[in-house]
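J.: Can you read through this structure? Questions will come right after.
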Amino acid sequence: MNLSFVEDNESLLGRLKLFIPTAGSDEVVTNSVRKILNEVRKGGDEAILAKTLEFDGASMTAEEMRVSAKVLQDCLAELSSQERVALEDAISNVTLFHEQSGLRDWTKPNHHGGIVGERYYPINRVGIYIPGGQVPLVSTVVMTVTLAKVAGVPEIAVVTPPNKSGNISSHLLAALQLLGVEEIYKIGGAQAVAALAYGSQTISPVDKVFGPGNAYVNEAKRQVFGEVGIDLLPGPSEIMVIADKSASPQRVAAALLAQAEHGSGKEKIYFLFQDKDIFPKVLQEMDSQLTHLSHAPSIRNVLERGFFAVYLPKRERLVEVANFIAPEHLELQVCSNDFEFFLSRITTAGAFLVGHETATSVGDFAAGPSHVLPTGRSSRFSSGLRLQDFLRRSSVIRYDSESCHKAAPVIEQFSSMEKLDGHGNAHMLRLSDKPVITQ
């Protein structure tokens, strides 16, 4: 591979900004998605099925859209013992991690003596998009549905695109069966997001849509936001590896190749290193490892279009560049003495993979945190998927006569300042000692 690196200079961040994809969608995608959404809103099942035939090549009836209970049971039975153990292990770790979020109802007296607090409620009905096609993302089932289950969401509808025969990966369906999901539809793309948002004769609308997808899925989520909630808009995968003199060229190369393996052609692969001598060794390892990888052609395509390597000898500059890029995944292949330096100063990574033994793969598949992460610099202001995303919060306020009297001067002043005497009156009339009569 003819890959090169750049050295640090004053124009580096400007070059990087041009290299990083913008969050917006192009006009062709935007208009195409708008048309699909309108057709599904008006046409329901008929439009969904027509788009499934057009884009996925699968011909189905409305009754065939939903995966049957028998198919789910058969897929679970077909799992090998090793596959089942792997799925159960991942589900267990993801459950353990998200149970630690600590979101609990609470109440406490405020300065007036009134009782204030918060209550958390699971979202009633969610829709989860699972990418399928040539690479069915079984792990995405675990990294999304498990969180909904931990949150106690009562209704979970899953959509995932079928192959041309109208079928879904048996491993993906087995994972859903393990998690107790019974409502699964064989539809994908923008039409699936539309079905979740607007509903159809067969599919009931949801309250919030989750899950990663391609540009059309993301644009559909963007356009239906407000009609329903959405989680985030994760785009093509990204990885950054920061390597010092202690890094293994073999492991660095493997990390870079693994994320390029997603193969859409739009992934971004960043390599920041402190020692110039490591770069040719990493390239040599990448060439060697590629000969054994089944997706080598698509990996090469990603690297030719989306690889950016920078020689940055100073730790402080590594931090500055990493914070600017705000990568989805950040592998810290550095000596253990520097772990805290980078963890305390790099504040924009979607997920940290810390140390020479921690591959992004373990985060993608089984460690615990969800692998649905912000991309395209959106880690600057958002976080990866978490338990809170499947809950909604309500504040609770309860005043008695004593606290009502104590708050009166404050309410009176605000009512006056904002010229809203009705607000003031609504509180002041409660200062009467007359009891409220209830039937």
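The values are calculated or read from the model by the stated rules, or taken from the named source; none is laboratory data. Computed from a predicted structure; not experimentally measured. Neighbour counts are summed over all protein chains in view; Cβ atoms, including those assigned to glycine, are modelled from backbone coordinates with ideal geometry.
J.: Is it the case that some residue within segment 73-83 is within 23 Å of the chain's Cα centre (by Cα), surrounded by fewer than 22 Cβ atoms within 10 Å (Cβ to Cβ) and either of a type in the set (S, T, N, Q) or outside the structural domain of residue 260 (by TED's automatic domain parsing) (or both)?
T.: no
J.: A further question follows. Any idea which of (1) touching a strand residue (DSSP E or B) at 6+ places or on another chain (Cβ under 7 Å); (2) surrounded by 23 or more Cβ atoms within 10 Å (Cβ to Cβ) is the one residue 161 doesn't satisfy?
T.: The failed condition is (1).
J.: Next question, about the same structure. Please verify whether residue 260 is more than 18 Å from the chain's Cα centre (by Cα) and at pLDDT below 95, treating the condition exactly as stated.
T.: Spelling it out, residue 260 is indeed more than 18 Å from the chain's Cα centre (by Cα) and at pLDDT below 95.
J.: Quick check on residue 246: is it in contact (Cβ under 8 Å) with a residue 60 or more places away in the chain, surrounded by fewer than 24 Cβ atoms within 10 Å (Cβ to Cβ) and either in contact with a helix residue (DSSP H, G or I) (Cβ under 6 Å, 6 or more places away or on another chain) or in a loop (DSSP other than H, G, I, E, B) (or both)?
T.: Values: in contact (Cβ under 8 Å) with a residue 60 or more places away in the chain: yes; surrounded by fewer than 24 Cβ atoms within 10 Å (Cβ to Cβ): yes; either in contact with a helix residue (DSSP H, G or I) (Cβ under 6 Å, 6 or more places away or on another chain) or in a loop (DSSP other than H, G, I, E, B) (or both): yes.
For residue 246, the condition - in contact (Cβ under 8 Å) with a residue 60 or more places away in the chain, surrounded by fewer than 24 Cβ atoms within 10 Å (Cβ to Cβ) and either in contact with a helix residue (DSSP H, G or I) (Cβ under 6 Å, 6 or more places away or on another chain) or in a loop (DSSP other than H, G, I, E, B) (or both) - is met.
J.: A follow-up question, please. Of the residues 328, 285, which is touching a Pro at 6+ places or on another chain (Cβ under 6 Å), within 21 Å of residue 3 (Cβ to Cβ) and buried (at least 16 other Cβ atoms within 10 Å of the Cβ)? Please lay out each step first, then the result.
T.: Details: 328 fails: touching a Pro at 6+ places or on another chain (Cβ under 6 Å).
After applying the criteria, what remains is 285.
J.: Now a separate question. Just wondering, is there one or more residues in segment 294-315 that are within 16 Å of residue 334 (Cβ to Cβ), crowded, with 21+ Cβ neighbours inside 10 Å and free of Cβ contacts under 8 Å to residues at least 60 places away in the same chain?
T.: No, that holds for no residue.
J.: Quickly run through segment 24-72 and pick out the residues that are in a helix (DSSP H, G or I) and basic (Lys, Arg).
T.: 34, 35, 41, 42, 51, 70
J.: Please specify each residue of segment 382-436 satisfying the condition of being touching a His at 6+ places or on another chain (Cβ under 9 Å), assigned to a loop (DSSP other than H, G, I, E, B) and under 19 Å from residue 113 (Cα atoms).
T.: The answer is 399, and nothing else.
J.: Something else: Just to be sure I understand, how many residues within segment 123-140 are at pLDDT below 90 and surrounded by fewer than 21 Cβ atoms within 10 Å (Cβ to Cβ)?
T.: To start, the set of residues in segment 123-140 that are at pLDDT below 90 comprises 132-136.
After this cut, where a residue has to be surrounded by fewer than 21 Cβ atoms within 10 Å (Cβ to Cβ) as well, the list is 133-135.
Within segment 123-140, residues that are at pLDDT below 90 and surrounded by fewer than 21 Cβ atoms within 10 Å (Cβ to Cβ) number 3.
J.: Would you check if there is a residue in segment 213-230 being within 20 Å of residue 269 (Cα to Cα) and part of a strand (DSSP E or B)?
T.: no
J.: Quick one: would you say residue 92 is small (Gly, Ala, Ser) and surrounded by fewer than 13 Cβ atoms within 10 Å (Cβ to Cβ)?
T.: Taking the combined requirement at face value, the residue does not satisfy it.
Residues checked against (1) surrounded by 14 or more Cβ atoms within 10 Å (Cβ to Cβ); (2) among the charged types (D, E, K, R); (3) touching a residue at least 24 places away in the same chain (Cβ under 8 Å):
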{"position": "5", "(1), (2), (3)": "yes, no, yes"}
{"position": "14", "(1), (2), (3)": "no, no, no"}
{"position": "32", "(1), (2), (3)": "yes, no, yes"}
{"position": "56", "(1), (2), (3)": "yes, yes, yes"}
{"position": "61", "(1), (2), (3)": "no, no, no"}
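J.: Give the number of residues within segment 251-261 that are farther than 14 Å from residue 279 by Cβ, out of contact with any His (no Cβ under 8 Å at 6 or more places or on another chain) and free of Cβ contacts under 8 Å to residues at least 60 places away in the same chain.
T.: Step one: of segment 251-261, the residues farther than 14 Å from residue 279 by Cβ are 251, 254-255, 257-261.
When the remaining residues are screened for being out of contact with any His (no Cβ under 8 Å at 6 or more places or on another chain), the result is 254-255, 257-258, 260.
Subset that is free of Cβ contacts under 8 Å to residues at least 60 places away in the same chain: 257, 260.
So the count comes out to 2.
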